[in-house]
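The numbers here are math on the coordinates, done by the rules we state, and not lab data. Computed from a predicted structure; not experimentally measured. All Cβ positions, glycine included, derive from the backbone under ideal geometry; neighbour counts span all protein chains shown.
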Amino acid sequence: MSRPLFEGIKAVLFDLDGTLIDSAPDLGAAANKMRIDRGLSSFPLLNYRHMAGAGARGLIGVALGLSPEHPDFAALKEEFLLNYEACMTERTYAFEGVEELIRQIDRAGLKWGVVTNKAERFALPLTRAMPLFATAATVVCGDTTPHPKPHPAPLLEAARQLQLDPGHCIYVGDDERDIIAGRAAGMPTVAAAYGYLGASGETAAWNADATIGSARDLLTYLQMP
């Protein structure tokens with residue numbers, strides 16, 4: 001067996017949506033409710049999945065064809081967020097292999113946590129509702145620090161909370177902004193190619209230190225005690 005790529009790592013930090021959990025079904029349902037409430041037919045989930053990491057901007061764009069420049073966008077965004085808040089734990093689930101990955105990380109005595117651009121309003125209730133996150137040592141949200149990803153501030157805050165040097169943490173995410181933020185924070189980075197992948201979907205261009213095709217693949221890169 002080859003030597004692990006990341007040695008001396010003491011914590012694994014993850015993006016949330018598209019990396020640990022598949023929240024696209026609930027996000028799509030919230031967007032579809034906007035269509036249904038306007039007498040329009042619902043769209044298949046496939047229409048929304050590629051924009052699931054883009055938040056209200058992307059999902060409203062798919063559902064109603066409107067951009068943030070529209071004069072009613074602020075009201076539409078709050079409508080979408082209220083819809084999502086009401087259903088965000090109904091269809092969301094952990095990606096295949098994530099629960100096993102977290103068990104192995106816990107068993108190895110490594111710390112782990114979440115760094116997401118999802119606002120605290122949603123990320124904290126969601127992670128508290130899912131047993132998967134019971135052993136997470138930190139959850140840093142999009143509004144925990146003044147700057148969301150791709151700024152490194154959220155990742156540096158997670159390292160501070162864990163009382164670790166950023167270089168002793170790795171960051172795993174499914175969007176190029178995750179890799180940009182991780183590099184800027186001085187952390188080794190891993191691209192989750194099974195996730196939403198953002199606008200380009202071309203993980204090779206992100207220059208991550210490693211790319212994984214499933215959550216379990218991360219274990220082959222870690223030095224497990």
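Overview of results
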{"item": "Around residue 94: net Lys/Arg minus Asp/Glu count, Cβ-Cβ under 13 Å", "result": "-2"}
{"item": "Rg to Rh quotient for the stretch 1-100, alpha carbon positions, Kirkwood Rh", "result": "1.13"}
{"item": "At 1.306 mPa s and 10 °C, Stokes diffusion of the chain via Kirkwood alpha-carbon radius, µm² per second", "result": "89"}
{"item": "FRET efficiency estimate (nearest 0.05) - Cβ-Cβ, residue 74 to residue 135, R0 41 angstrom", "result": "0.60"}
{"item": "With Cα atoms, 0 to 90° folded angle of helix 73-87 axis to the chain main axis", "result": "60"}
{"item": "Acute angle (nearest 10 degrees) that the helix 98-107 long axis makes with the longest principal axis of the chain, alpha-carbon atoms", "result": "30"}
{"item": "Farthest toward positive dipole pole in the chain [+1 Lys/Arg, -1 Asp/Glu at C-beta], among 205, 180, 75", "result": "180"}
{"item": "Calculated FRET efficiency for the pair residue 37/residue 147, C-beta based, R₀ 35 Å, to 0.05", "result": "0.55"}
{"item": "Near-label residues of the stretch 82-105 by backbone N, under 19 Å of a point 7 Å along Cα→Cβ of residue 45", "result": "83-99"}
{"item": "The chain, relative contact order in percent, only Cα pairs under 8 angstrom and at least six apart counted", "result": "27"}
{"item": "Cross-link reach list, lysines versus residue 33, counting only Cα pairs under 30 Å and skipping chain neighbours closer than eight places", "result": "77, 118, 149"}
{"item": "Likely footprinting exposure, 149, 10, 33, fewest C-beta neighbours within 10 Å first", "result": "10, 33, 149"}
{"item": "Beta bridge orientation in the chain: antiparallel %, DSSP, nearest 5", "result": "10"}
{"item": "Pairwise FRET efficiency - residue 161 versus residue 86, Cβ, R0 = 25 Å, nearest 0.05", "result": "0.25"}
{"item": "Angle between the chain longest axis and helix 120-129 axis [Cα atoms, degrees, rounded to 10]", "result": "70"}
{"item": "Relative contact order computed over the stretch 24-87 (Cα-Cα under 8 Å; 6+ residues apart), in percent", "result": "40"}
{"item": "Shape category assigned to the stretch 166-207 from the gyration tensor of Cα positions, a/c cut at 1.5", "result": "prolate"}
